[in-house]
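The values are calculated or read from the model by the stated rules, or taken from the named source; none is laboratory data. Computed from a prediction, not measured in an experiment: that's the story for all the values here. Note: ideal-geometry Cβ built from the backbone for every residue, glycine included; neighbour counts use all protein chains shown. Side chains are part of the model used for accessible areas, which takes the heavy atoms of the whole protein and leaves out ligands, DNA and RNA. Shrake-Rupley method; radii C 1.70, N 1.55, O 1.52, S 1.80 Å.
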Amino acid sequence: EDQAGSRTMDWIFHALSLMWKAIFAFVAPPSLFGGWASFLMALAAIGIVTAFIGDMAGLLGCCMGLPDDITAITLVALGTSLPDTFASKSAAEAEDTADNSVGNVTGSNCVNVFLGLGLPWTIGAAYWATQGVTEEWLSHRYKGETFRDIFYKDHPNGGLLVPAGSLSFSVLVFSVCACTCFALLIFRRIKYGGELGGPASAQKRDAGILILLWLVYVVFSILKSLAII
């Protein structure tokens, strides 16, 4: 019955995702061990898929000759965020409220920022604290100069050093776009009684505004990276 009502796009996406569906078929059923086996195996599988997509996006950017920071905010960001996009779409269609679809986005970004940055930085800091100043550390380059020339005088004991580059500008642009997004959600709640739904014209208009916010962030970040602004 489900297949009889499937559209052409449903079959296309089914064919594209068939390999991943076959892999996820090995995830344990929720009835085992109170669902923990299913949760842990699904989490591991999602991590593997996300890492694969991120690596493929990075390789594509390398083949296209894009700088690493531009690749990160475009191809890699798109590749790693698509699973969240489809998860939010499914939650919006299945749930009575917008809580899960919006919460999935904020929760995912919290994991990316707090755990995705904090955990590797903590491991890196602990590693370099035990290594001290090594030839590898001294010869590492940033903008054509070695750490020996840039940082050794102020950090004679070495350590984990990750220069920010144009990060402050990107964070500023992102914050402005995020505040605009929050304002739009508040407007929708007042005007239409909820963050999702409403008249078809409003849905298309607000979807276009959110896509435009993403384009604004990407364009301004790229222009800053290329030293155009």
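Looking at the range 14-44, which chymotrypsin sites (Phe, Trp or Tyr not before Pro) are DSSP coil and have at most 13 other C-beta atoms within 10 Å of their C-beta?
Phe26
Cross-chain or 8 or more residues apart, Cα under 20 Å: how many lysine pairs in the chain fit that? Count them up, please.
5
Per residue, how many Å² of accessible area does the chain show with a 1.4 Å probe? Spell out each step's value before the answer.
On the way: 16180 Å² over 229 residues.
Here the residues of the chain average 71 Å² of exposed surface.
Please go through the range 87-151 and write out the GluC sites (Glu not before Pro) that DSSP classes as loop and that have at most 15 other C-beta atoms within 10 Å.
Glu95
Short version: ³J(HN,Hα) in whole Hz for each residue of the range 180-197, in order, from phi by Karplus 6.51 cos²θ - 1.76 cosθ + 1.60 (θ = phi - 60°), x for Gly and Pro, what are they?
So the J values, rounded to whole Hz, are 5, 4, 4, 4, 5, 5, 5, 4, 5, 5, 6, 7, 10, x, x, 6, 10, x.
Trypsin sites (Lys or Arg not before Pro), restricted to the range 139-229: which are DSSP loop and have at most 12 other Cβ atoms within 10 Å?
Sparse-neighbourhood loop trypsin sites (Lys or Arg not before Pro): Lys143, Lys153.
How big is the range 155-222 by Rg and Dmax over its Cα atoms, in Å?
My reading of the Cα-based Rg and Dmax gives 18.0, 63 Å.
Spelling out what I want: for every residue of the range 206-212, take phi, set θ = phi - 60°, compute 6.51 cos²θ - 1.76 cosθ + 1.60 (Karplus), and round to whole Hz; glycine and proline get x.
So the Karplus estimates, Gly and Pro as x, are 6, 4, x, 5, 5, 5, 5 Hz.
Farthest toward the dipole's positive end in the chain, which of Cys177, Ile70, Ser81, given Cβ charges of +1 (Lys, Arg) and -1 (Asp, Glu) about the Cα centre?
Cys177
Run the 1.4 Å probe and let me know the accessible area of His140, rounded to the nearest 10 Å².
Near enough 100 Å² of accessible area.
Quick one: 3J(HN,Hα) in Hz for the range 105-111, Karplus 6.51/-1.76/1.60 with θ = phi - 60°, rounded, Gly and Pro as x.
Here the 3J(HN,Hα) series is 5, 5, x, 4, 5, 4, 4 Hz.
At 1.4 Å probe size, with the rest of the protein present, what percent of the exposed accessible area of the chain is carbon and sulfur atoms?
Reported share for carbon and sulfur atoms: 69 percent.
log₁₀ I(q)/I(0) of the range 77-131 at q = 0.14, 0.19, 0.25 Å⁻¹, via Debye over equal Cα point scatterers, no solvent, to two decimals?
-0.50, -0.69, -0.92
Based on the Cβ-Cβ distance of Phe182 and Val133, what FRET efficiency does E = 1/(1 + (r/R0)^6) give at R0 = 35 Å, to the nearest 0.05?
For Phe182 and Val133, the calculated efficiency is 0.15.
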